[in-house]
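Everything on this sheet refers to the single structure shown next.
The values are calculated or read from the model by the stated rules, or taken from the named source; none is laboratory data. In this text the structure is predicted, and so the values were computed from the model without any measurement. Neighbour counts run over all protein chains shown; Cβ positions are idealised from the backbone, glycine included.
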Protein chains: 2
Amino acid sequence: MHAFILSIGDELVLGQTLDTNSAWIAAQLSAVGCDIAGHLTVGDDQAATERAIRNACEQADVLIISGGIGPTEDDLTRQAIAAVMGVPLEENADWLAHIQSYFASRGRVMPDRNRVQALIPRGAQMIWNHAGTAAGVATTIGRTRVFSTPGVPKEMKAMFEREVLPYIRQHVGGAVILQKTLHTFGLGESALAERIGDLMKRGCNPSVGTTVANGLVSLRVNARFPTLDDARTKMGQTSDACRAALGDLIFGEDLDTLPQVVMRLLAEEKKTVATAESCTGGWLAKFLTDLPGSSANFYQGWVTYTNDSKVSQLGVSPATLAAHGAVSEPTAREMAIGARVRAKTDFALSITGIAGPDGGTTEKPVGTVCFGLAYEGGCQVRTFNMFGDRDMIRDRSTKMAMTMLRFHLLGKPLPF
Amino acid sequence: MHAFILSIGDELVLGQTLDTNSAWIAAQLSAVGCDIAGHLTVGDDQAATERAIRNACEQADVLIISGGIGPTEDDLTRQAIAAVMGVPLEENADWLAHIQSYFASRGRVMPDRNRVQALIPRGAQMIWNHAGTAAGVATTIGRTRVFSTPGVPKEMKAMFEREVLPYIRQHVGGAVILQKTLHTFGLGESALAERIGDLMKRGCNPSVGTTVANGLVSLRVNARFPTLDDARTKMGQTSDACRAALGDLIFGEDLDTLPQVVMRLLAEEKKTVATAESCTGGWLAKFLTDLPGSSANFYQGWVTYTNDSKVSQLGVSPATLAAHGAVSEPTAREMAIGARVRAKTDFALSITGIAGPDGGTTEKPVGTVCFGLAYEGGCQVRTFNMFGDRDMIRDRSTKMAMTMLRFHLLGKPLPF
């Protein structure tokens, strides 16, 4: 069963408002095994809406429309549906009475403009709106079942769950779709794809795709099978195969975040961490304190943005700074060790680098970032060349520091 | 001139990821007076992509595609464009050399998979990607100019601004549209609207609307006139009227950010700042170091997440903590003063509060945040009740601290 999603509104088509309705509807539909042919957004324009409805009805079994059924002159969805059906609009007495009593219950008289919200194309069914004054419309055009819902997310969601979803469940023909996302950091998209190999081949079920966001590469696994048992088994096999190929490069699933995973590992081992940051300016500490309860495992952080503060606050030796510079492994080492001793924590992470856009040299170009991880009895230091602009370099650097700590907590060497 | 926007990706069509690209592109296009016929989203499916391209080319003068040009097997946009054009794909030697050198500069060999990113439909033009390995494609299909850009927002935006927008500007006729955004922090949307009054009435030209994002309330002023002179004059009058109504509540325009404005004020007065953070966990320092060159005015920050660290690092008195608690104006005062003395800066900002979701009490509910601003000869302290979840409370708190410093630098009292 294929669905098409149509959202209507000038504010959407002009990009003034993000269309969250279509994504929400799509997620609901795909969760029950309905395929999505596409989402289209058009403005408050009757001709464009009619064309969109005609096109959608040619390719989909069900069309879900949101928006364009308010009381104002730019709300034209009912008119467009009636025009495509080739029928007039008729006033629905039940809904008119409902709107009038809705206003009366608030001590007001129904504005005349709202009368239009009781108009339904002849032969279509009125859908009750439990959260507002816009009635929905259900009808059949050709082989396509059409549902018209409000644009206000709250009203749309209530109507969708009550009136649309039961229809979809009944007609979807049984497939179950399971989704899982596996998150990685540190390898590029293509390097990851090479390791996974045939799992990403087109046409596989479960299918495996990749998404890149904020330096993370995530694998999206979608399984579609007639029964939940099958879907679970196959999803398990494919995600196991991904894990076998990528090992600990996968740091989490679905809603997991890297800070969350690292803080969870620390909590499990009852360990504590401190931070000493230069170029990331406090961002690492911010990430580690994003979650409630982080004070049990994160004690303290320093943002030592100047050489003086690295010396006075963390005890970095002026000789080290003079000999190697602020962006160097010896400085990163002394920052991490100094932070760990002063914060009395099990671990300390340090970051010192050149976030740019200025300050790069031939030996140390923009993106050069040195990391330290101090632990009892030692300190690991590494240098990486981070790609991107200032914001990306700073963001990826915090993720690299967290990744160093994560692999240390796992008792494994960093895989890059 | 009519544009159509096509976004491609399974994660988009399934509703797993919100399509922010289409809205961004639409906003850019409408800002220069280009009409938008619609946005369509389809999955990683070559047949669906081909059909979408054909449909779009029937109704629009320009088609802008984002997504589907990565290195993996689910990236099929180039193949779809070539199929609609009826031409084969050809390897672009310039771009292949660029990708190879991109990997070489990182000490790596180009994975074989990335080779596909140098494929361009015969007769189409390659568009340079300054931020990644996916080359864009520009071509003409029928009467429609087609641009294919990456799905990664940062890469798409860079390519759009550099290669697509100049084409649009050149080919769009008629009215001049000017836009200006004025940013405020501290007052709610409706309080702001009351102060502005009739300027926000529907149907005005220039029009004034409000947008709320991350605790900032911004006024969007749009002027649409036949000539640039008219548009500039009217835009000036309306934005002057907004400024007259709101005064220093407006901290900046358009791309200005609050950290940028505060750091600019510090730079103008050659003053320096340090930070002492508890609940915000380093986020204030992160914001103040977002921009290059911040080391001239930001010296140092502390994240003192525990009582011990407030005492050992900032010299907060254990008696103060015992008598008033960590979240109190006396503690905020000692944190700010302690930070200023130790960092040897002109100013220091402190933040200590209850970000939640736990830890609130009747006297100090979640959202209670105390602020200190230490300066030569004194320290201002304030307490605010911040609204929202943990993330919002932390974010708004950094903005309130920056706003305290901003008004101090302007020599004016905080207006709330």
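Data for the structure
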item	result
Residue match in region B:354-376 (condition: assigned to a loop (DSSP other than H, G, I, E, B), assigned by TED's automatic domain parsing to the domain that holds B:LEU284 and touching a residue at least 40 places away in the same chain (Cβ under 8 Å))	yes
Residues within region A:234-286 that are touching a residue at least 40 places away in the same chain (Cβ under 8 Å), in contact with a Leu (Cβ under 9 Å, 6 or more places away or on another chain) and not β-branched (Val, Ile, Thr), tallied	24
Residue within region A:219-227 that is touching a strand residue (DSSP E or B) at 6+ places or on another chain (Cβ under 9 Å) and closer than 21 Å to B:VAL116 by Cα present	yes
Pairs where the first residue, in region B:293-305, is closer than 14 Å to A:ALA274 by Cα and the second is among the acidic types (Asp, Glu), C-beta under 6 Å, 6+ apart	B:VAL303/B:GLU277
Test result for B:ASP391, surrounded by fewer than 18 Cβ atoms within 10 Å (Cβ to Cβ) and either over 26 Å from the mean Cα position of the chain (by Cα) or more than 18 Å from B:THR289 (Cα to Cα) (or both)	yes
Matching residues in region B:6-16 - criterion: being touching a Gly at 6+ places or on another chain (Cβ under 7 Å), more than 7 Å from chain A (Cβ to nearest Cβ) and either of a type in the set (S, T, N, Q) or not in a strand (DSSP E or B) (or both)	B:SER7, B:GLY9
Region B:181-232, subset charged (D, E, K, R) and within 21 Å of A:LEU14 (Cα to Cα), residue surrounded by the most Cβ atoms within 10 Å (Cβ to Cβ)	B:ARG224
Lone qualifier among A:ALA3, A:ALA26 - being within 7 Å of chain B (Cβ to nearest Cβ), within 21 Å of A:MET159 (Cα to Cα) and crowded, with 17+ Cβ neighbours inside 10 Å	A:ALA26
Scan of region B:276-290 for residues that are crowded, with 24+ Cβ neighbours inside 10 Å and either in a strand (DSSP E or B) or not hydrophobic (A, V, I, L, M, F, W, C) (or both), ordered by number	B:ALA276, B:GLU277, B:SER278, B:THR280, B:GLY281, B:GLY282, B:LYS286, B:THR289
Options B:GLU363, B:GLU376: the member that is modelled with pLDDT under 95 and more than 14 Å from chain A (Cβ to nearest Cβ)	B:GLU363
Single residue of A:ARG232, A:ARG243, A:ARG220 found to be modelled with pLDDT under 90, assigned by TED's automatic domain parsing to the domain that holds A:THR184 and not polar (S, T, N, Q)	A:ARG220
Residue count, region B:274-295 (criterion: more than 10 Å from every other protein chain (Cβ to nearest Cβ) and at pLDDT below 95)	0
Tally of residues being more than 33 Å from the chain's Cα centre (by Cα), crowded, with 16+ Cβ neighbours inside 10 Å and of a type in the set (S, T, N, Q) across region B:291-329	4
Condition broken by A:LEU29, with the remaining ones in (1) in a strand (DSSP E or B); (2) touching a residue at least 40 places away in the same chain (Cβ under 8 Å) satisfied	(1)
Any chance B:ILE69 is in contact with a Pro (Cβ under 9 Å, 6 or more places away or on another chain), at pLDDT below 95, buried (at least 24 other Cβ atoms within 10 Å of the Cβ) and farther than 24 Å from A:ILE53 by Cβ	yes
Odd one out for A:VAL32 among (1) touching a Lys or Arg at 6+ places or on another chain (Cβ under 7 Å); (2) more than 14 Å from every other protein chain (Cβ to nearest Cβ)	(2)
Condition broken by B:VAL311, with the remaining ones in (1) over 18 Å from B:SER397 (Cβ atoms); (2) touching a residue at least 24 places away in the same chain (Cβ under 8 Å); (3) of a type in the set (Val, Ile, Thr); (4) within 14 Å of chain A (Cβ to nearest Cβ) satisfied	(2)
Looking only at region A:342-379, and only at residues there that are surrounded by 20 or more Cβ atoms within 10 Å (Cβ to Cβ) and among the polar types (S, T, N, Q), the one that is nearest to A:LEU314 (Cα to Cα)	A:SER350
Per-region count, region B:142-179, residues among the basic types (Lys, Arg) and surrounded by fewer than 18 Cβ atoms within 10 Å (Cβ to Cβ)	4
Count of residues meeting criterion [in contact (Cβ under 8 Å) with a residue 40 or more places away in the chain and under 27 Å from A:PRO365 (Cα atoms)] in region B:92-114	3
Evaluation of B:VAL316 against (1) in a helix (DSSP H, G or I); (2) within 24 Å of B:GLU363 (Cβ to Cβ) (one fails), failing number	(1)
Filter result (of a type in the set (Val, Ile, Thr), in a helix (DSSP H, G or I) and touching a helix residue (DSSP H, G or I) at 6+ places or on another chain (Cβ under 6 Å)) within region B:221-275	B:VAL262
Sole exception among (1) within 14 Å of chain B (Cβ to nearest Cβ); (2) touching a residue at least 60 places away in the same chain (Cβ under 8 Å) for A:ALA223, by number	(2)
Filter result for the condition that a residue is under 29 Å from the mean Cα position of the chain (by Cα), surrounded by 24 or more Cβ atoms within 10 Å (Cβ to Cβ) and farther than 19 Å from B:GLN300 by Cα, over A:VAL261, A:VAL273	A:VAL273
Residue that is more than 26 Å from B:GLU268 (Cβ to Cβ) and either touching a strand residue (DSSP E or B) at 6+ places or on another chain (Cβ under 7 Å) or in contact (Cβ under 8 Å) with a residue 60 or more places away in the chain (or both), where the choices are B:MET404, B:MET392	B:MET392
Among residues of region B:35-73, those that are more than 27 Å from B:ARG224 (Cα to Cα), β-branched (Val, Ile, Thr) and facing chain A (nearest Cβ under 7 Å), counted	3
Subset of region A:253-273 [at pLDDT 95 or above and at positive phi]	A:LYS270
Hits in region B:17-47 (condition: of a type in the set (A, V, I, L, M, F, W, C) and either in contact with a Gly (Cβ under 8 Å, 6 or more places away or on another chain) or within 15 Å of A:GLU11 (Cβ to Cβ) (or both))	B:ALA23, B:TRP24, B:ILE25, B:ALA26, B:ALA27, B:LEU29, B:ALA31, B:ILE36, B:LEU40, B:VAL42
Boolean, A:VAL84 is of a type outside the set (S, T, N, Q), within 14 Å of chain B (Cβ to nearest Cβ) and under 25 Å from B:VAL42 (Cα atoms)	no
